[in-house]
Amino acid sequence: MTDIEVGVGEDNGIEISTTEDLDTKRFKSEVWAHFSILKEGSGKTANCKYCTAKYNISKGQGSTTNLNNDLNRQHPKQVKDKEIPQTSGSIQSWLHQQSQKRKDFDPKLFRDFLLRWIVGSTQPFLEVESPQFKKMILYLNPKAILPSAITVQRDLMAAHGREKLKRIEVLK
């Protein structure tokens with residue numbers, strides 16, 4: 001559905017805004033809910049709904065980095081309850097954000113994730129005993145308790161047994 005907004009711009013010209021593009025794959029970021037798209041001449045701009053900031057989006061597909069920066073720096077109260085993911089950044093910053101959300105380390109959940117990683121990427125059980133792997137995990141979370149390769153093997157066999165019983169029940 002297309003919504004059209006008509007208004008008078010700062011230069012007393014008529015501004016027409018349409019949200020028809022917001023439903024397309026091109027505008028999939030949540031940040032677009034805080035901006036209106038205006039056609040100006042042969043180009044388009046994203047106008048902040050909370051201030052007078054305008055961003056040219058005619059050149060490419062409409063980068064959201066500047067839009068995110070505007071919201072996070074100028075309007076933190078408007079986006080306080082909504083988490084708008086950054087489109088760029090490092091793995092380290094993402095891990096830091098995730099660790100801030102997590103309150104306590106859960107060893108059982110960690111072992112489940114570890115087992116899924118080993119099976120999903122076909123890693124050898126001995127990988128958990130490599131010094132480089134241990135250093136990496138302990139760097140990410142000093143509270144992590146790394147199981148031995150034998151424990152990982154036992155966990156895998158137990159998980160396999162549980163899944164096998166589930167499949168048998170489904171097939172009955």
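The values are calculated or read from the model by the stated rules, or taken from the named source; none is laboratory data. Values in this document were obtained by computation on a predicted structure and should not be read as measured data. Methodologically, a virtual Cβ is constructed for each residue, glycine included, from the backbone with ideal geometry; neighbour enumeration extends over all protein chains shown.
Points worth noting:
- Screening Q132, Q123 for residues that are loosely packed, with under 11 Cβ neighbours inside 10 Å and out of contact with any strand residue (DSSP E or B) (no Cβ under 8 Å at 6 or more places or on another chain) leaves exactly one candidate, Q132.
- Identity of the residue in the stretch 52-76, outside any helix (DSSP H, G or I) and of a type in the set (S, T, Y), that ends up modelled with the highest pLDDT: T52
- The stretch 102-133, residues that are over 18 Å from M157 (Cβ atoms) and not in a helix (DSSP H, G or I): R102, K103, D104, F105, D106, S121, S130
Listed here are the residues, each with its yes/no results for (1) under 22 Å from F105 (Cα atoms); (2) assigned to a loop (DSSP other than H, G, I, E, B).
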{"residue": "K135", "(1), (2)": "yes, no"}
{"residue": "A144", "(1), (2)": "yes, yes"}
{"residue": "T151", "(1), (2)": "yes, no"}
{"residue": "D155", "(1), (2)": "yes, no"}
{"residue": "G161", "(1), (2)": "no, no"}
{"residue": "L165", "(1), (2)": "no, no"}
{"residue": "E169", "(1), (2)": "no, no"}
